[in-house]
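See below for the structure under consideration.
The values are calculated or read from the model by the stated rules, or taken from the named source; none is laboratory data. Nothing here was measured: the structure is a model prediction, and the numbers come from that model. All Cβ positions, even for glycine, are placed from backbone atoms using ideal geometry, and neighbour counts span all protein chains on display. Heads up: the accessible areas ignore ligands, DNA and RNA and are worked out on the full protein's heavy atoms, side chains in. Shrake-Rupley method; radii C 1.70, N 1.55, O 1.52, S 1.80 Å.
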Amino acid sequence: MRRYVLLGILIITAGWGGRVLFKRHREAEQRQREAVWWQAYQHATQMFYQGDYGTAEKIFTDILPNAEKWYPKDRRLGELLSMLGTSYREEHKYEQAEPVLKRALEVYETISPSDSLGKEHAELNLAGVYLDREDYASAERYFSDALSISERTPGGPKYEGGIALLNLGFIRMMQGHYMEAEQLLNRSVEALASDSTPWAQRDLANARYRLGGVYAMGNRYGEARQQFLKALEIQEKVSGPNSREVGRTLQGLGQSYQAEGNTSKATELLNRAQEIARRSAAPGDNSRADILVDLGEAAQDQRKYAEAEALYKRAIDVYEKAAGPEHSDLARALVYLGCLYRDEEQFDITKAGPLMERALTIREKTLGPDHPSTANVLSNLSLVYFYEHKFAEAEQFGKRALPIDERAFGPESSEVATDLNRIGIAQRDLKKLSQAETSLKRALMIREKNLPSNHPWIAVSLENLASVYLVKGEYGKAAPLIKRAQAIRLHS
């Protein structure tokens, strides 16, 4: 009997031991599978950081099902999804990138303890998808969320916060909110400046480039030039002297010199930028057309009007072929050609209006009716209509531009002074003399505050205000204004 009991115990023990051995075998197999998975994950990650997004995408896609099964609430799944979504974005597969990055955010919400840096990366990458698609409202939401994470992490890395600030500043700039853009971009520069890694330096240069663009939009060309030069110094070291980033910054620097009247320096820089653009242009890249417009402006300032016309026309042709007939950048070339036809007597002024009206349609459609770039076309059309003796239309378009520029640049900006001047001369010829006097007085006050006392634009404002007084028969008020204007003209 004891022998049977012992045998029974041995049988039970053997069965239990078999199950233990089977379990250990399965665990060993799982560890082996996970080791293979981890090896593939590391290889994909290496390809990702080397910029081989196609290879990374394929491997990540292959190993994703097991990651979902084995690590449903683990940062490994979150990181995989984040890198896969970013790979899709880098390959412009936005329809695939968006849901993958949203899934990554869902995973990061379940991780305990929380991985704030991983979530911030996913927020930034998803925001980048929307930014690339020009969905600025959605991009702003996720960049703002990423910035909030960065600001709630005391002592954490500044790089991610700097990237969020850079992109929020860019969005504000594209929306025409230049004062907000300036604040955000300055904060981005401060956040990125302390990071010496090549990628952070590249982003710092981009922040300085964007800040230079904001300063240029506000006619602060000296400050713009400083930012462009600092950006250029970094870009030539990090990206190389013939990189697209360098070409873009050379163009901005050339524009700032051009605006200050240094046409020879501007042309030198723009020609260098044009050569870089010619060698490195990608499909859909408008940089060559942008530079042609700038070179046209330089030729126009040198009174080479036929050359300027040819350059503007070439730019329009390049824009239309590269980006289509309704792209927002095309409007700039149309405006410049329209201004040439309007301002130079050798051309037919009746060609100016249709060009600018087409530009206005493009900008209202692509940027909206309240964007400062739309206001720029409205203001230029106001002067076209004035020269065509369409004074009511001239006043109307100038008045449409005025509040937009007041919001974007401030009530005492040069843009506002230009709008007021154009409104005022239209009101004068409509015999709205009291309104004309008010508009032109304000324009003169702004210009006297912002410009040197002998600037030609002050002379223009003095002469226009004097003309109102002459029509009103107030010769005593007109005479000293005319005398001041003559003195400026004599010495300019």
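See the values below:
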item	result
Residue list for region 277-309, filter: more than 23 Å from residue 214 (Cβ to Cβ) and among the hydrophobic types (A, V, I, L, M, F, W, C)	281, 282, 292, 295, 299, 306, 308
Candidate set from region 363-396 (those that are among the hydrophobic types (A, V, I, L, M, F, W, C) and open to solvent by less than 10 Å² (accessible area, probe 1.4 Å)); member that is nearest to residue 411 (Cα to Cα)	375
Which numbered condition residue 431 fails, given (1) modelled with pLDDT under 95; (2) over 30 Å from residue 214 (Cα atoms); (3) among the charged types (D, E, K, R)	(1)
Filtered residue count, region 340-353, keeping only those that are open to solvent by 20 Å² or more (accessible area, probe 1.4 Å) and closer than 19 Å to residue 314 by Cβ	3
Among the candidates 329, 301, residue that is charged (D, E, K, R), surrounded by fewer than 19 Cβ atoms within 10 Å (Cβ to Cβ) and within 25 Å of the chain's Cα centre (by Cα)	329
Qualifying positions in region 320-348 - under 16 Å from residue 300 (Cα atoms) and part of a helix (DSSP H, G or I)	332, 333, 334, 335, 336, 337, 338, 339, 340, 341, 342, 343
Helices (runs of 4 or more DSSP H) within region 394-492 that include 3 or more residues over 29 Å from residue 371 (Cβ atoms)	433-450, 456-472, 475-491
